[in-house]
Amino acid sequence: MARILIVPMDADRRVSVHALAVDLATLLHAETTIAVSGPIVRPAFDASRRQYHSGAMLAMLLEYFSGTDSRILGITSHDLFLPVLTFVFGQAQLGNRGALFSTHRLRNEFYGMPRSDDQLYQRTVKEAMHELGHTYGLRHCLDAPCAMNASTYVEDIDLKPMHFCPACAEVVAAG
């Protein structure tokens, strides 16, 4: 059985990490645990952009938990970027252990819309599934009803399901 370690890294308190662990365990047929501590992420902050470098945060996460063979999923409320992109919802190692995502741009308030904790949670599960899918070796799927469908905008996240299409689910079940 696959094991996933969920690491809150200055996570949004509106998102229940415990509920996320239960949902991911069910969706991925995996054993999930929640870390009680994680790395200090301040060094990943880029003052000129007022964002956190997702690659640096992912590297810190993997170094901090180098002694585990579990897949590692970091969750943060910080806005993430890669140097070539304005922002990213998350980042993962293709076919390896590490994944990270942010709830910063998943909140309706970021877009000037009314707060919705339910919608925030739905988006959180979808992003967690998407980034973890990359750790299983999945690339972006062209099948619209699949958690691995690419998301450029938050509306893209809203349109896709929490689960994988049959082809992607088969890869995850094997790995």
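Read the figures in this text as sums done on the coordinates, not as results from a lab. Keep in mind it's a predicted model, so treat the numbers as computed, not measured. Cβ: placed from backbone, ideal geometry, glycine included. Neighbour counts: every protein chain shown.
Overview of results
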{"read-out": "All-pairs alpha carbon distance profile, segment 83-175, 10 Å steps from 0, percent", "value": "17, 50, 28, 6, 0"}
{"read-out": "Nearest-20 debye value, the chain charge dipole, Cβ charges on Lys, Arg, Asp, Glu", "value": "280"}
{"read-out": "Amide H within-cut-off set for Asp143, under 5 Å, with H built and near neighbours excluded", "value": "none"}
{"read-out": "Listed peptides 39-45, 51-57, 23-29 by packing density, highest first (mean Cβ within 10 Å)", "value": "51-57, 23-29, 39-45"}
{"read-out": "Euclidean distance of C-alpha centroids, segment 20-94 and segment 98-173, integer Å", "value": "15"}
{"read-out": "Cysteines (scope the chain) whose Cβ has no counterpart Cys Cβ under 4.7 Å", "value": "Cys168"}
{"read-out": "The chain - Debye-derived log10 I(q)/I(0), Cα point model, q = 0.11, 0.20 Å⁻¹", "value": "-0.41, -1.49"}
{"read-out": "Rounded to 5, the percent of DSSP beta bridges in the chain classed as antiparallel", "value": "30"}
